[in-house]
Amino acid sequence: METKIFKDDDISIAEAGRIAAAGGLVAFPTETVYGLGASAYDDTSVERIYAAKGRPSDNPLIVHIADISDIDKLAVDISPNARKLIDAFMPGPFTVILKKSRIVPDTVTAGMDTVGIRFPENVTAQRFIKAAGVPIAAPSANISGKPSPTEAKHVINDMNGRIDAIIDGGHCSVGVESTIVDASGCTPVVLRPGGITYDELKAVVPETVIDPHILESIGNDEQPKCPGMKYKHYAPDAEVTVVEGDPKKVRDKIKELIDENSDKVCGVLTMSDNAYDSAVILCAGNTNREYAKNLFSCLREFDRLGVEKVFAEFEERDGYGLAVKNRLYKAAAQRVIRV
C-alpha cells in the first residue's frame with residue numbers, strides 16, 4: 001500500500017476527508033498526539049485500525065468529533081456533571097466517557113456499553129473531521145506499545161505502507177494524550193491524566209476522583225475501559241528506568257547506574273540540562289508541562305541513536321506531573337527507583 005503524505009492545506013484536507021469517508025485510514029494531527037482515524041460508523045475500517053497498529057481488540061477507541069452537537073447523537077443519559085465537564089473542556093485535550101447510543105458500533109467500544117468522545121481543539125483535526133463528514137474513531141498513530149507520535153515523521157516511521165494517508169500538521173503542542181474522565185456514572189473518575197489537570201477538573205466538578213490504576217496496569221483478566229490502562233504503552237526499544245525524588249540524589253543515583261551499565265549504550269532524559277559522562281543526554285524540559293510535550297519524541301530519539309538503557313530523571317513540579325508520571329511508569333514497565 002502506498003501511503004500519501006498530505007500538507008496542511010484545504011485541498012489536501014478535503015482529499016484526506018474523502019479517503020476516510022470511503023473507508024480509508026488517515027493519520028492526522030491533534031493538539032495531543034497524532035491520531036490514526038477511520039469512520040466510526042464503518043466496522044471494516046475500524047478493524048483495519050486494530051490490524052495496522054497490532055492493537056488488542058479489547059482496547060477501546062476514542063471517537064473524535066468537530067461539532068459539540070454530535071455528543072447527543074453518540075451518547076445517552078448524559079449527567080449534569082458530564083455536561084459541566086463538556087462545557088468546560090471541549091474543544092480541548094479532554095475525552096469524556098459516556099453511555100453509548102445505538103449508532104456506535106461495538107468494534108469501536110470493544111463491546112462495552114460506553115464510548116469515549118473527544119472534540120480536539122487542533123484546527124487541522126477539526127477541518128479533517130468535517131471534511132470526512134462522520135465522527136472519526138482514532139487511537140494514537142503508532143505501532144501498539146511504542147511511544148505515541150508527536151510529529152508526522154514519527155507516524156511515517158511506524159505506519160508508512162500500513163495506512164492510506166498522513167496529514168503533516170507539524171509538532172503537537174501538548175505532547176501526551178488527552179485526559180480521560182469516565183462520566184458515565186454519578187461521580188466522574190479520571191482514568192488517564194493528560195492535557196487537562198486534576199486540579200482543573202476538580203474546579204469544575206469537585207467530587208471528581210482518580211482511578212487507582214493510573215500508575216499501574218489492570219489485571220490480565222480485566223477489560224480496559226479506556227486506552228492505556230492494561231497493555232504495555234509508550235515504550236521505546238531501549239529499557240527505561242525512572243529515577244525520581246530529590247534532584248541531587250537523582251543525579252547521584254543515575255551516575256551510579258551508568259557506571260554499573262558501562263557495557264551498554266546509556267541515555268539520560270534530564271529535566272535540568274544535567275551533565276553525565278559516558279551517556280547520551282536529552283533534555284525534556286524544566287517543567288512537567290515541557291516534559292510532557294517532549295517526552296515521546298525524546299524516547300524515539302534515544303532509539304534512533306542506538307541507546308540501550310534510558311535513565312529518566314523525574315520530579316513532580318506542576319499539574320502536568322501526574323500525566324508525565326503515568327507515561328513514564330508505563331514506558332518503564334514500572335521500573336522505578338525512588339531516592
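Throughout, read-outs are computed from the coordinates displayed, never taken from laboratory work. Everything numeric in this text was worked out from a predicted model, so none of it was measured. Reconstructed Cβ throughout: ideal geometry from the backbone, glycine too, with neighbour counts over all protein chains shown.
For a quick check: with amide H placed at 1.01 Å from N, whose amide H comes under 5 Å from Ile5's, ignoring anything fewer than 5 positions away on the same chain?
It is Ile166, by chain and number.
From largest to smallest, what semi-axes in whole angstrom does the chain give when each is the square root of 5 times an eigenvalue of its alpha carbon gyration tensor?
Working: eigenvalues 216, 110, 57 Å².
Calculated on Cα positions only, the semi-axes equal 33, 23, 17 Å.
Hey, could you get me the Stokes-Einstein D for segment 1-59, Kirkwood radius over alpha-carbon pairs, 20 °C and 1.002 mPa s, rounded to whole µm² s⁻¹? Working shown, then result.
Values: Rh = 12.3 Å.
Diffusion coefficient, whole number: 174 µm²/s.
How large is the Rg to Rh ratio of segment 286-339 when both quantities use alpha carbon positions and Rh follows Kirkwood?
Numbers: Rg = 11.2 Å, Rh = 11.7 Å.
That ratio equals 0.95.
Rounded to whole Hz and in sequence order, give me ³J(HN,Hα) for segment 24-37 from the Karplus expression 6.51 cos²θ - 1.76 cosθ + 1.60, θ = phi - 60°, writing x for Gly and Pro.
Calculated HN-Hα couplings, in order: x, 10, 10, 8, 9, x, 10, 6, 8, 9, 6, x, 10, x Hz.
Taking the Cα centre of segment 150-217 as origin and charging only Cβ (+1 Lys, Arg; -1 Asp, Glu), how large is the dipole, in debye to the nearest 20?
On the way: 4 positive and 11 negative charges, 17 e Å.
It works out to roughly 80 debye.
With just the Cα atoms defining each centre, how far is segment 128-185 from segment 236-267? Give it in Å.
What the calculation gives is 31 Å, centre to centre.
Considering amide H positions built from the backbone, and no H for Pro or chain starts, which residues 5 or more places from Gly37, or on another chain, come under 5 Å of its amide H?
Val26, Ala27, Phe28
Relative to the longest principal axis of the C-alpha atoms of the chain, give the angle of the C-alpha long axis of helix 123-132, reported between 0 and 90° and rounded to the nearest 10°.
40 degrees
Suppose every K and R has +1 on its Cβ and every D and E has -1 on its Cβ; what is the size of the dipole of the chain about the Cα centre, in Debye to the nearest 20? Mind dumping the intermediate values first?
Numbers: 40 positive and 50 negative charges, 40 e Å.
Here the size comes out at about 200 debye.
Each residue of segment 328-339 in turn: what ³J(HN,Hα) in whole Hz from Karplus with 6.51, -1.76, 1.60 and θ = phi - 60°, glycine and Pro shown as x?
4, 4, 6, 4, 8, 6, 6, 7, 10, 10, 9, 10
Highest first, please rank the peptides 141-149, 94-102 by the mean number of other Cβ atoms sitting within 10 Å of their residues.
Details: 141-149: 23.4, 94-102: 21.3.
Listed from highest to lowest mean packing, they are 141-149, 94-102.
Would you grab the residues whose amide H sits under 5 Å from the one on Gly169? Only those 5+ places off in sequence or on another chain, please, with H modelled 1.01 Å from N.
Under 5 Å from the amide H of Gly169 lie the amide H atoms of Ala152, each far enough along the sequence or on another chain.
Sequence gap at least 6, Cα distance under 8 Å: using those rules, report the relative contact order of segment 1-93 to the nearest whole percent.
Working: 54 pairs, mean separation 14.8, N = 93.
Relative contact order of segment 1-93: 16 percent.
Any chance you could list the semi-axes, whole Å, largest first, of the equivalent ellipsoid that the Cα gyration tensor gives for segment 18-133, using √(5λ)?
On the way: eigenvalues 89, 61, 31 Å².
Its equivalent ellipsoid spans semi-axes of 21, 17, 12 Å.
Ranking request for peptides 190-203, 304-317, 31-44: highest mean number of other beta-carbon atoms within 10 Å first, then the rest in descending order.
On the way: 190-203: 20.4, 304-317: 18.9, 31-44: 24.1.
For the peptides 190-203, 304-317, 31-44, the packing ranking is 31-44, 190-203, 304-317.
Return the sequence-ordered ³J(HN,Hα) values of segment 40-53 in whole Hz as given by the Karplus equation 6.51 cos²θ - 1.76 cosθ + 1.60 applied to θ = phi - 60°, using x for Gly and Pro.
In residue order, the calculated couplings are 5, 9, 10, 4, 4, 5, 5, 5, 5, 4, 4, 5, 5, 8 Hz.
P(r) for segment 95-151: what percent of alpha-carbon pairs falls in each 10 Å bin, starting at zero?
With 10 Å bins starting at 0, P(r) equals 19, 43, 36, 2.
Report, to one decimal in Å, the Kirkwood hydrodynamic radius for segment 264-309 based on all distinct Cα pairs. Provide the component values of the computation, followed by the final result.
Details: mean 1/r = 0.0937 Å⁻¹.
10.7 Å is the Kirkwood radius here.
Can you give me the relative contact order of the chain as a percent, contacts being Cα pairs under 8 Å and 6 or more apart? Don't skip to the answer; put the middle values down first.
Numbers: 815 pairs, mean separation 67.5, N = 339.
Once divided by the residue count of the chain, the mean separation gives 20 percent.
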